[in-house]
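The values are calculated or read from the model by the stated rules, or taken from the named source; none is laboratory data. All values reported here derive from a predicted model rather than from experimental measurement. So basically every Cβ, Gly included, is an ideal-geometry build from the backbone, and we count neighbours across all protein chains shown. Only protein heavy atoms, including side chains, enter the accessible area calculation; ligands, DNA and RNA are left aside. Shrake-Rupley method; radii C 1.70, N 1.55, O 1.52, S 1.80 Å.
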Amino acid sequence: MENIVSKLTLEEYEKNFQELHPPLSYGSAIAESSRCLYCYDSPCMKACPTHIDISEFIKKISTDNLMGSAKTILKSNWVALTCAKACPVAVLCEGACVLNEKGDKPIEIGRLQRYVIDNYFDHGMPALFSKKSPNAKNVAVIGSGPAGLSCSAELALLGYKVTIFEQSEIPGGLNTWGIAPYKARKQDALKEVELIKSFGVNVKTGIGVGTDISFDELYKKYDAVFLGIGLGESHALSVNGEELPGVINALDFIEQVKTEDWSSVAVGKRVAIIGAGNTSIDAATEAKRLGAEEVMIIYRRSSQDMSAYKFEFDLAKKDGIIFHFLTSPNKVVGKNFVEGIECIRMEPGKPDSKGKRSIMPVPGTEFIIPVDMVIKAIGQEAQNDFISTIPGIKFAGGKVQINSDNFQTGNPKVFAGGDCINGGKEVVNAAYDGKMAAFGIDKFLKNLN
Ligand code: SF4
């Protein structure tokens, strides 16, 4: 792969990665908040997985009570800045806003939330929440992504001694490393980590549970354990040539981009992304913004089957990404590095009982697309090896099984939330899980007394 670093100037990189949705000014925030109807039993609140009282926080903006507004948001969601910037609002709160039905533009809930939380951090995170007196119990939280942070914040305020074990040197999980920088920057996630630390949570980074410290040790030392471990390795393509230099996993690529040292990120001139989910779109648009000349998404099914949201699809098309639907990779070709990808055309078969069509390769339609970089974005595997070391855990369909009432696993002392229980959803779902698991842990430990 020819590395095309240094092709862009620093100014060009900054321009390419500038925020898709810039912050609102004071005047625009007040004006936008005044458009809200402050609906009773509002549909936007129901559509938010963390059930933020949206009409209340918007009403408080309109009366210039920004700290009160921040409190309303944070009491439901401890990673509210990341969510404000990265949530798919068009299919959640804003999609549910009643103004859509009236043919009006929905309230810009995400940008208003961002306005409030930016203001909160800009004012040095004043204490808005009181903490219960410390109790004698301690909880280990594995993983500092949104689920782990939410669980920790809630437990710390309930009086528990909480320690987060994070294998990366820099905390925040996918909030720090997995969100496209034109949506949210690494610093946003780190502010949220600082907020959780301000509640007394001890964040130990660079410590992998199962490698640097055994799960057994934590299990014996702590009164309860929360698993916010996310998912594991990316799925393999399982085609010849996958091991060639120039083939990379989407999350590794996105992580490199998130360092914001853009000139050092290797990117090809012609890049193929395999898969058509939201991560694929992120990788594709990031490759383009790094200066790749031609970026294409290769997907074995049709556009109707892709899991990427419509607004992500639209963004990719706007960025000039080329889509090859009903196209499946056969092998990566090249001698010492990627030189192309051999694909075969697919055709839809008969729909199954759920209406999903099977797809079949069309013999004799093989063709080679010349590319010098292949990014794999076909999902991640669960951390089976680690999970199988935990006694009593039930694991099915790639997900840790929990009691949905309290997020307790098959082992009464172990709770779980986020991607490891749902197979990979939004940050906001993980934030909700972590919070609910904290309540589950609290109830469990109180009942032991
Ligand atoms: Fe405001 Fe729309 Fe929510 Fe109603 S549904 S409270 S108008 S944001």
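If you stretched the chain out fully between residue 38 and residue 303, how much longer would it get, using 0.36 nm times the residue separation minus the C-alpha to C-alpha distance?
Working it through step by step, the gained length comes to 91.7 nm.
Could you calculate the FRET efficiency of residue 90 with residue 261 from 1/(1 + (r/R0)^6), where r is the beta carbon distance between them and R0 is 35 Å, rounded to 0.05?
0.65
Could you provide, to the nearest whole Å², the per residue accessible area of region 1-118 with probe 1.4 Å?
46
Order the peptides 31-43, 413-425, 366-378 from the highest to the lowest mean number of other Cβ atoms within 10 Å of their residues.
413-425, 366-378, 31-43
What spacing in nm lies between the two simple spin-label points modelled at residue 236 and residue 405, each 7 Å away from Cα in the Cβ direction?
Modelled inter-label distance: 4.3 nm.
Report the chymotrypsin sites (Phe, Trp or Tyr not before Pro) located in region 315-360 that are in a DSSP loop and have at most 15 other Cβ atoms inside 10 Å of their Cβ, or state none.
337
Whole angstrom only: what separates the Cα centroid of region 280-324 from the Cα centroid of region 225-268?
Using only Cα atoms, the two centres lie 17 Å from each other.
Quick one: which residues, 5 or more positions from residue 203 or on another chain, have an amide H under 5 Å from its amide H? H modelled 1.01 Å from N in the peptide plane, none for Pro or chain starts.
Hits under the 5 Å cutoff: 164.
For a distance above 27 Å, tell me the whole-number percent of Cα pairs in the chain that qualify.
Working: 57406 of 100576 pairs.
Summing the P(r) tail past 27 Å for the chain gives 57 percent.
Using amide H atoms built 1.01 Å from N in the peptide plane, name the residues 5+ places from residue 331, or on other chains, whose amide H lies under 5 Å from its own.
342
At a 1.4 Å probe radius, carbon and sulfur cover how many percent of the accessible area of the chain? Spell out each step's value before the answer.
Working: 10070 of 19880 Å².
About 51 percent, which is the carbon plus sulfur part of the accessible surface.
Kindly give the semi-axes, whole Å and largest first, of the ellipsoid equivalent to region 241-399, taking each as the square root of 5 times a Cα gyration tensor eigenvalue.
So the three semi-axes of region 241-399 are 25, 23, 17 Å.
Taking amide H positions as placed in the peptide plane 1.01 Å from N, state which residues far from residue 322 in sequence (5 or more) or on other chains have amide H under 5 Å from it.
295, 296, 297
In region 251-271, whose amide N lies under 18 Å from the spot 7 Å out along Cα-to-Cβ of residue 186? List them in ranges.
Hits in region 251-271 for residue 186 at 18 Å: 251-267.
Can you tell me the accessible area per residue over region 151-299, all protein chains present, probe 1.4 angstrom, in square angstrom?
On a per-residue basis, region 151-299 sits at 34 Å².
Starting at the first residue of region 57-74, write each ³J(HN,Hα) from the Karplus equation 6.51 cos²θ - 1.76 cosθ + 1.60 with θ = phi - 60°, in whole Hz, x for Gly and Pro.
5, 6, 4, 5, 5, 5, 9, 6, 9, 6, 6, x, 5, 4, 5, 4, 6, 5
Specify the angular offset, from 0 to 90 degrees and rounded to the nearest 10, of the alpha carbon long axis of helix 146-157 from the longest principal axis of the alpha carbons in the chain.
That works out to roughly 10 degrees.
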